[in-house]
Amino acid sequence: AIVGSALLGAYAIIVPSLERRLVAAKLDQQQSDAERLAIEYAAYGIRANSIVAGLIDTPRIGVVLRGAYAGCTLEEMKERRHKVVPLGRMGTAWDIAEAAVFLASDRAKYITGTELVVDGGLSATVPH
């Protein structure tokens, strides 16, 4: 199984000053890669999928987003980001890892050519 990844940041930009407003900018390349690989390698029994990660709390989050949340402490910035996600929290690396393990396992043996969005419901708040 091939499992690729992309960050939801490539799909939607959170504008801190407008907190819950999302500006959607979907990148078709990630999806077409998963679909292309799925079609190309299906005859060999190889599945290809992509994980699209939402807001993920990592050790580097304060460094990467320092400029976007000027005047906020690290804890204030994290709290603001938690509130944007419908489930009430940013994801963790474990949330993404669990999705990758699932897609690579036999439990997902009939899943190929798709994107698994792991974002706590954030993408559902973007108007389609």
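The values are calculated or read from the model by the stated rules, or taken from the named source; none is laboratory data. Note that the structure is a prediction, hence the values are computed from the model and not measured. Note: ideal-geometry Cβ built from the backbone for every residue, glycine included; neighbour counts use all protein chains shown. SASA here: full protein model, heavy atoms, side chains in, ligands and nucleic acids out. Shrake-Rupley method; radii C 1.70, N 1.55, O 1.52, S 1.80 Å.
Numbers at a glance
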item: Per-pair calculated FRET efficiency, R0 = 41 Å: D106 and T73 via Cβ, rounded to 0.05; result: 0.35
item: Segment 63-107 - percent of accessible surface contributed by carbon and sulfur, probe 1.4 Å; result: 60 percent
item: Listed peptides 97-109, 60-72 by packing density, highest first (mean Cβ within 10 Å); result: 97-109, 60-72
item: Spread of Cα-to-Cα distances over 10 Å intervals beginning at zero, given as percent, for segment 70-114; result: 23, 31, 25, 16, 4
item: Placed amide H near G91: partners under 5 Å, 5+ positions off or other chain; result: L55, I56, D57
item: Interchain or long-range residues, amide H under 5 Å from S50's placed H; result: G4, T114, E115, L116
